Amino acid sequence: MPRKAVRALLLALPLVLGGCDYWYNSVPSPDQIWYRISWFDHMRHSVSVSPYTRADVPRYVVKGSVPVRGGEASWETGDAASLAYAFDQAAADKLQNPTKTGGTPVAAGAELPHLKGDLDAKGDSLYQNFCSPCHGAAGAGNGPVSAKFVGIPSLLTDRARGYTDGYLYSMVRYGRGLMPKYGDKVNNPIDRWAIVNHVRKLQAAAPATKATGGQG
């Protein structure tokens, strides 16, 4: 190769290499150009549903599992397929109603969920939906289901009035005897406490009655 050609090549080489640097450092990447195309940007951020990213969405989980961020401890006892299935009453009685003065959240150290709407109205609605078919609108144990099952207790007896709020809460969560559990239907702890509060309102509005069978 002639010396002039070699010399020209050596002189051109820095320019070529500098051009490469310019191309990689200064010319925008195609990936950055796509962001300026509106319809392509929408493809990157398409509408999607991610139900398990929310803590308030109920889901079926393996029995006995606990959320990684903590949650209510389980004090289920007995066989769920038999009438012996219940809960640890000692643990239940220790629960303090967090919606009342001096109450503490169910899970130690947990913050109370944000209360939306009127708690009294919520308790009334939930009670009428889930409890009144058996226990009656006023809690007297005379709901429409009582005609089919013997032993549905009144919530107005001295015995029912003597139960702690934690016990009533646990009844809603786990059920007991003939009563099925409603913890999987009323999955928000505050909603369960709202039901307990409504039961207390029914008891305050009616005279006590004698217990008439059934376990309540």
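Near PHE87, the amide H atoms lying under 5 Å from its own belong to THR77; only residues 5 or more places off or on other chains count, and H is placed 1.01 Å from N.
Assuming 0.36 nm per residue, please report the length gained on full extension of the stretch LYS100 to ALA205 beyond their Cα-Cα distance.
Details: separation 105, 0.36 × 105 = 37.80 nm, distance 1.88 nm.
Residue separation times 0.36 nm, minus the Cα-Cα distance, leaves 35.9 nm.
Between the amide H of THR157 and those of THR209, distances stay under 5 Å, these residues lying 5 or more places away or on another chain, with hydrogens modeled in the peptide plane.
Ligands, DNA and RNA aside, HIS135 has an accessible area near 30 Å² when probed at 1.4 Å. Close amide H contacts of ALA137 (hydrogens built in the peptide plane, cut-off under 5 Å, sequence separation of 5 or more or a different chain): none are found.
Hey, what's the range 144-210 come to in accessible area per residue, 1.4 Å probe, Å²? Don't jump to the answer; show the numbers that get you there.
Working: 3130 Å² over 67 residues.
I get 47 Å² per residue for this part.
The values are calculated or read from the model by the stated rules, or taken from the named source; none is laboratory data. Note that the structure is predicted; figures quoted are calculated from it, not measured. Just so you know, the surface numbers come from the protein's heavy atoms only, side chains and all, with ligands and any DNA or RNA stripped out. Shrake-Rupley method; radii C 1.70, N 1.55, O 1.52, S 1.80 Å.
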